[in-house]
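The values are calculated or read from the model by the stated rules, or taken from the named source; none is laboratory data. Keep in mind that this is a model prediction, so the values were computed, not measured. Because the Cβ atoms are built from the backbone with ideal geometry, glycine has one as well, and the counts that use them run over all protein chains shown. To get the accessible areas, we keep the full protein, side chains included, count just its heavy atoms, and leave off ligands, DNA and RNA. Shrake-Rupley method; radii C 1.70, N 1.55, O 1.52, S 1.80 Å.
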Amino acid sequence: MTENKIITELVDVPGKSEFMVKAERVVKSYGQNTVLKDINIEVKRGEVMCLVGPSGSGKSTFLRCINHLESIDGGRLYVDGEIVGYRQKGEKLYELKPKEAAAQRRDIGMVFQRFNLFPHMTVLENVTHAPIKVRKQNKAKAIERAKELIDRVGLSAKLNSYPAQLSGGQQQRVAIARALAMEPKLMLFDEPTSALDPELVGEVLDVMKALAKSGMTMVVVTHEMGFAKEVGDSLVFMDGGVVVEAGDPRQVLDNPQHERTKAFLSKVF
Amino acid sequence: MTNQQESQGSSSTRSAASEANDIPPIKAIKLRHPFRWIFAAIIVAYAAAFVVDAAINRPVYDWPTFGKFIFDKRISEAALVTLELTVLSMVLAVVLGILLAVMRLSPNPIFKSVAWFYLWFFRGTPVYVQLVFWGLLATVYPVIFLGLPFAPPLLEFPTADVPVFWIAVIGLGMNEAAYMAEIVRAGIMSVDKGQEEASTALGMSWTQSMTQVVLPQAMRVIIPPTGNEVISMLKTTSLVAAVPFSLDLYMRSRDIAAPIFKPIPLLLVASAWYLLFTSILMVGQYYLEKRFSRGATGMKLTRKQIREAAANQEESDD
Ligand SMILES: Nc1ncnc2c1ncn2[C@@H]1O[C@H](COP(=O)(O)OP(=O)(O)OP(=O)(O)O)[C@@H](O)[C@H]1O
Ligand SMILES: [Mg+2]
């Protein structure tokens, strides 16, 4: 195991850990309401993990913990070998300063159900804003790179349009390009197609498939079981803040072992 | 797209109309509203009587004196001072108001309570009383020290050295800041929570997401009521007499009126100038509001932006 790990690190992985995301006994509560109870999840580098489960099961909360939009109350959460939101010195944990937390977040892209594009900026500005203002990239370089990304999501013709002038599917593709412009090592998707009209879902999933093929590590909360089967390397079914079942997407979806998984899947299909 | 739909719509109505050609249209006697006309006539008659009466029967209005002073140099200078007071105190109020609103919404409990206390105090006491207090500042605090508490001051100067004009600006501006803070806060809260979340997820600091993402969008909600506040401030400046500051439009016209015993025509002179400025501001506000309520879903585009977008569209169509 240890040997194996060292080898993978030596061979092709410049990062620090075999696992891009590692959750150990993660607990998260809002007041009295414990939303995540003892979550153990591992996402390998380059893996596409799909997260499914009924509404209120804690999927979004878990994603938000991964990039420290929420802090956890128990357990350990690592991204690329680093503890999220804290620094460990000996036995003690120290809360990160806002600046350090922001630096951690920079390497994690997030795509939201409701796109959350900046409505007062054009498509190009949406994509270049963070690289220029946060990463302090050279403006010309950032624009060039943004144009490449916008081209990759098929929206070169819309460079100077405003989000309100785009369809939902186009907005979501811009949102993906915006996240990619920060050159993240991990991408989080929170129900990226749930707010879309059915005929627009495909174009967004296509972009995500291409991204998965390029080797990006992805955690995807989704109800698109077809996508999970086709692209997912693993699937986790959550309910009531616990992981009920995990494994190969095709196996879990076609042959669920737990009653709760069966009940949920019968409702989704 | 819309054009197409419209033309389809009208063609279908036309065909329906041609089928219905032989049906005679309704020829009814229109319902009359005699009381509307009677009321309107009564109001107009009263207004006319008032104007004629004011012009002929009321010598105290003293229109010749009004005419003599309306373009008096002292009056126009005072009008300028009133404008300066308005602009400067509004600038102070907007800057301070944004600061207070941001403090009130910040996660820091000390900032929050300081801002809350400020609003509680400055909204809870009358402007007039506040202005009197500012006027008495030199009596209470004869010397102003700048520096850290319980440490030797870095800078000190007598309060009496601060020009009364600036005392008035500070007094008006600090009161108005409390109201502006609420306007700005409403604007910030009108921006979708997802905007801050998205900018945080991109690695922006709280200050960055506030100034670069949230505030620019909040402006749409902030600007129209701010126009109102400017108009209101223009007239509130007449209270600076409480400081006492006497070079503004209202006090200047009182001072001119006193030795010649003609208070009423000079009040009319001052009112005319206030009305002129207010009218100009109202026109400005009309255009600002139009500009900021354009477009449909969330984003309002300026004419320049629409032109650019159209140009782009053509480019990509080619
Ligand atoms: N900021 C918050 N404050 C309090 N409770 C919250 C907060 N965010 C989420 N919750 C609660 O946490 C639970 C899990 O919410 P979460 O959004 O993670 O569910 P989800 O699995 O993403 O559901 P959905 O499919 O509806 O998006 C819910 O009961 C919700 O009410
Ligand atoms: Mg959710």
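See the values below:
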{"quantity": "Some residue of the stretch A:38-53 being within 13 Å of ligand 2 (Cβ to nearest atom), closer than 20 Å to A:Phe227 by Cα and part of a loop (DSSP other than H, G, I, E, B)", "calculated": "yes"}
{"quantity": "Test: A:Ala146 is open to solvent by less than 10 Å² (accessible area, probe 1.4 Å) and facing chain B (nearest Cβ under 10 Å)", "calculated": "no"}
{"quantity": "Yes/no for A:Met49 being crowded, with 16+ Cβ neighbours inside 10 Å, away from ligand 1 (no atom under 14 Å from the Cβ) and at pLDDT 95 or above", "calculated": "yes"}
{"quantity": "Index of the failed condition, A:Glu203 passing every other in (1) under 16 Å from A:Leu188 (Cβ atoms); (2) touching a helix residue (DSSP H, G or I) at 6+ places or on another chain (Cβ under 6 Å); (3) away from ligand 1 (no atom under 16 Å from the Cβ)", "calculated": "(1)"}
{"quantity": "Candidate set from the stretch A:226-269 (those that are assigned to a loop (DSSP other than H, G, I, E, B) and within 15 Å of ligand 1 (Cβ to nearest atom)); member that is nearest to the other protein chains (Cβ to nearest Cβ)", "calculated": "A:Gly241"}
{"quantity": "Given (1) facing another protein chain (nearest Cβ under 8 Å); (2) open to solvent by 70 Å² or more (accessible area, probe 1.4 Å), index of the condition A:Lys97 fails", "calculated": "(1)"}
{"quantity": "Single match in A:Thr122, A:Thr128 (criterion: in contact with a Ser or Thr (Cβ under 9 Å, 6 or more places away or on another chain) and open to solvent by less than 50 Å² (accessible area, probe 1.4 Å))", "calculated": "A:Thr122"}
{"quantity": "The stretch A:214-235: number of residues that are β-branched (Val, Ile, Thr) and open to solvent by 10 Å² or more (accessible area, probe 1.4 Å)", "calculated": "1"}
{"quantity": "Qualifying residue in the stretch A:185-196 (condition: modelled with pLDDT under 95 and more than 16 Å from ligand 2 (Cβ to nearest atom))", "calculated": "no"}
{"quantity": "Options B:Ile75, B:Ile110, B:Ile70, B:Ile98; residue that is more than 30 Å from B:Val269 (Cβ to Cβ), surrounded by 12 or more Cβ atoms within 10 Å (Cβ to Cβ) and not aromatic (Phe, Trp, Tyr)", "calculated": "B:Ile98"}
{"quantity": "Segments classed as helices (runs of 4 or more DSSP H), wholly inside the stretch B:27-120, with at least 3 members that are in contact (Cβ under 8 Å) with a residue 40 or more places away in the chain, of a type outside the set (Asp, Glu) and out of contact with any Cys (no Cβ under 6 Å at 6 or more places or on another chain)", "calculated": "B:63-69, B:73-105"}
{"quantity": "Residue within the stretch A:74-91 that is more than 14 Å from chain B (Cβ to nearest Cβ), under 21 Å from A:Met110 (Cα atoms), away from ligand 2 (no atom under 16 Å from the Cβ) and among the hydroxyl-bearing types (Ser, Thr, Tyr) present", "calculated": "yes"}
{"quantity": "Matching residues in the stretch B:182-215 - criterion: being open to solvent by less than 40 Å² (accessible area, probe 1.4 Å), more than 7 Å from chain A (Cβ to nearest Cβ) and more than 17 Å from B:Arg104 (Cβ to Cβ)", "calculated": "B:Ser199"}
{"quantity": "Candidates A:Asn160, A:Asn116 - the one that is within 19 Å of B:Thr211 (Cα to Cα), facing chain B (nearest Cβ under 10 Å) and not basic (Lys, Arg)", "calculated": "A:Asn116"}
{"quantity": "Residue under evaluation B:Thr139, criteria (1) hydroxyl-bearing (Ser, Thr, Tyr); (2) over 22 Å from B:Ala241 (Cβ atoms); (3) open to solvent by 30 Å² or more (accessible area, probe 1.4 Å), criterion not met", "calculated": "(2)"}
{"quantity": "Positions within the stretch A:14-46 being within 17 Å of the chain's Cα centre (by Cα) and either among the charged types (D, E, K, R) or more than 13 Å from ligand 1 (Cβ to nearest atom) (or both), in sequence order", "calculated": "A:Phe19, A:Met20, A:Val21, A:Lys22, A:Ala23, A:Asn40, A:Ile41, A:Glu42, A:Val43, A:Lys44, A:Arg45, A:Gly46"}
{"quantity": "Per-region count, the stretch A:163-172, residues open to solvent by less than 20 Å² (accessible area, probe 1.4 Å) and farther than 14 Å from A:Val153 by Cα", "calculated": "1"}
{"quantity": "Where A:Met110 falls short, out of the listed (1) within 16 Å of ligand 2 (Cβ to nearest atom); (2) surrounded by fewer than 18 Cβ atoms within 10 Å (Cβ to Cβ); (3) of a type outside the set (Lys, Arg); (4) facing another protein chain (nearest Cβ under 9 Å)", "calculated": "(2)"}
{"quantity": "Test: residue in the stretch B:180-194 that is in contact with a strand residue (DSSP E or B) (Cβ under 6 Å, 6 or more places away or on another chain) and either modelled with pLDDT under 90 or over 30 Å from A:Gly109 (Cα atoms) (or both)", "calculated": "no"}
{"quantity": "When residues of the stretch A:52-67 are limited to those that are modelled with pLDDT of 95 or more and more than 9 Å from ligand 1 (Cβ to nearest atom), the one nearest to the other protein chains (Cβ to nearest Cβ)", "calculated": "A:Ile66"}
{"quantity": "Filtered residue count, the stretch B:113-123, keeping only those that are within 25 Å of B:Val162 (Cβ to Cβ) and either open to solvent by 30 Å² or more (accessible area, probe 1.4 Å) or more than 26 Å from the chain's Cα centre (by Cα) (or both)", "calculated": "5"}
{"quantity": "Top-ranked residue of the stretch A:173-192 - restricted to ones that are within 16 Å of ligand 1 (Cβ to nearest atom) and crowded, with 24+ Cβ neighbours inside 10 Å, ranked as nearest to the other protein chains (Cβ to nearest Cβ)", "calculated": "A:Leu188"}
{"quantity": "Criterion: basic (Lys, Arg) and in contact with an Asp or Glu (Cβ under 9 Å, 6 or more places away or on another chain) - qualifying residue of A:Lys267, A:Lys229", "calculated": "A:Lys229"}
{"quantity": "Hey, B:Val221 farther than 30 Å from B:Val164 by Cα, more than 10 Å from every other protein chain (Cβ to nearest Cβ) and of a type in the set (A, V, I, L, M, F, W, C) or not", "calculated": "yes"}
